[in-house]
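Asker: I'd like to ask some things about the structure below.
The values are calculated or read from the model by the stated rules, or taken from the named source; none is laboratory data. None of these values were measured; they are calculated from a predicted model. Please note: Cβ atoms are built from the backbone with ideal geometry, for glycine as well, and neighbour counts cover all protein chains shown.
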Amino acid sequence: MSEFKTKTPVTTTKAASSYGVIFAIIMIAEFVIAYVADIDATENAWVGIVNGLLNNLILPVVFISLAANYYKKAHGGYIKFGEVIKTGVTVAVIAAAIFALFNIGFNLAVPEAQAEMIEKMKAAQIKANPQMTSAQLKMAMSMAETFMKPYIAFPFTILFFAFLGLIYSLIIGAIVKKENPFGDVTPQDVNNLGAE
């Protein structure tokens, strides 16, 4: 009986992990660059638009597609619809968790940054709505501060990105899915059996 080496199968988590980490690193780099360069999305609308499009549309779609295609290639060109969804949501959740942890750490290390952000948001609110009463402004800033608290920001960030990952995975899954006619047996498995 001849022995043959079997590779550890690529799981949806393995396929998604590296792409989720890269996605998170890109979001962290954007954040750091904006902070160091003092680029304010409340003052420069185009910065907010570009950042929003990148982090909420372009990057998730790119990295979910890359992870799904990596998984598909590792499984002989086949991927089930559910596997695309698992892969996509995992990419988004990993990226969100890393970014949220970084953001919490950053706010603990540089507490004045959060205070500056609140002041900029307050100035932007007053500029956008000059008729806003002080009570309304105080309520808006109180809500903003609440959403910046780590115990709110962390789960909210993960839930938001998980939802985006689910939506994009449904779309990408409809495009890239390819059911294996052999069930869970891949062409590599068939070739390995023939080698025995």
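Asker: How do the pairs read when you match residues in the stretch 75-99 that are of a type in the set (S, T, Y) with residues anywhere that are part of a loop (DSSP other than H, G, I, E, B), using Cβ under 9 Å and keeping only pairs 6 or more apart or on different chains?
Answerer: Pairs that qualify, where the first residue is of a type in the set (S, T, Y) and the partner is part of a loop (DSSP other than H, G, I, E, B), are Y78/K177; Y78/E179; Y78/N180; Y78/P181; Y78/F182; Y78/T186.
Asker: Being surrounded by 15 or more Cβ atoms within 10 Å (Cβ to Cβ) and modelled with pLDDT of 90 or more is the filter here; which residues of the stretch 36-60 pass it?
Answerer: Selection gives N51, L54, N55, L59, P60.
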